[in-house]
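The values are calculated or read from the model by the stated rules, or taken from the named source; none is laboratory data. This one's a predicted model, so the numbers in the text were calculated from it and none came from an experiment. As a convention, Cβ positions derive from the backbone with ideal geometry for all residues, glycine included, and neighbour counts pool all protein chains shown. With ligands, DNA and RNA removed, areas are computed over all heavy atoms of the protein, side chains included. Shrake-Rupley method; radii C 1.70, N 1.55, O 1.52, S 1.80 Å.
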Amino acid sequence: MHRISLLAAGLAAVVGAVGLASAEPVSALKGHNSNAPVDVSADRIEVQDRADRAVFAGNVHVRQLELTLDTARLTVAYTNNKGVQIQRLDASGGVVVKTPTETARGAFGVYDLDRKLITLVGGVQLTREQSKISGARMVIDLTSGRAVVDGGAPGVDGSGGRVTGHFTVPQRGAKG
């Protein structure tokens, strides 16, 4: 399995440090407050109180500050000690995670609020402006802003087990 870190200078365009190859690029999600309230809307909800979870289905939309998540189905795991405390969101059915400047997509997603990690798997794409990186799995650390994309197994998703990217380059004046 090939692994590539978005800390490489060539990938800086994806995470917001275009033209600053010497600076450590970070995701727009760096420092995101996973303790902020979570708002969820959907066509249907099933509360499974004995299992400490709720299942949302149909046009699910989640918002936490500037972070949004859209999916077909979402399972919310929580504790019920002195009020409901959300621990984890498991999304399936075309997951789209957005910030004002980035969009990440995958078939499945897990947002672990306690560990401050978002994991997407299955045909993962991360875009920012005209730059894009694709792979099989991506993990975003909300504390550091570091995103790691894995290529997956050879032959899966037609990727050959590799991470791919397309990056825009800042336009420089022609020298005459």
Practice problem: Filter the strands (runs of 3 or more DSSP E) completely within region 60-131 down to those with at least 2 residues that are among the basic types (Lys, Arg). | Solution: 84-98
Practice problem: State whether one or more residues within region 75-85 are modelled with pLDDT of 95 or more, open to solvent by 80 Å² or more (accessible area, probe 1.4 Å) and of a type in the set (Lys, Arg). | Solution: no
Exercise. Could you grab the pairs with beta carbons closer than 6 Å, sequence gap of 6+ or different chains, first residue in region 33-45 and closer than 14 Å to Leu89 by Cβ, second one open to solvent by 60 Å² or more (accessible area, probe 1.4 Å) and of a type in the set (A, V, I, L, M)?
Key: Ala36/Leu65
Quiz item: Inside region 56-74, can you point out the residues that are touching a residue at least 24 places away in the same chain (Cβ under 8 Å), open to solvent by less than 60 Å² (accessible area, probe 1.4 Å) and of a type outside the set (S, T, N, Q)?
Solution: Val60, Val62, Leu67, Leu69, Asp70, Leu74
Self-check item: Filter result (assigned to a loop (DSSP other than H, G, I, E, B) and at pLDDT 85 or above) within region 146-166
Solution: Arg146, Gly151, Arg162, Val163
Practice problem: Sort through Arg105, Arg53 and tell me the only one that's open to solvent by 60 Å² or more (accessible area, probe 1.4 Å), in contact with a Phe, Trp or Tyr (Cβ under 8 Å, 6 or more places away or on another chain) and in contact (Cβ under 8 Å) with a residue 12 or more places away in the chain. | Solution: Arg53
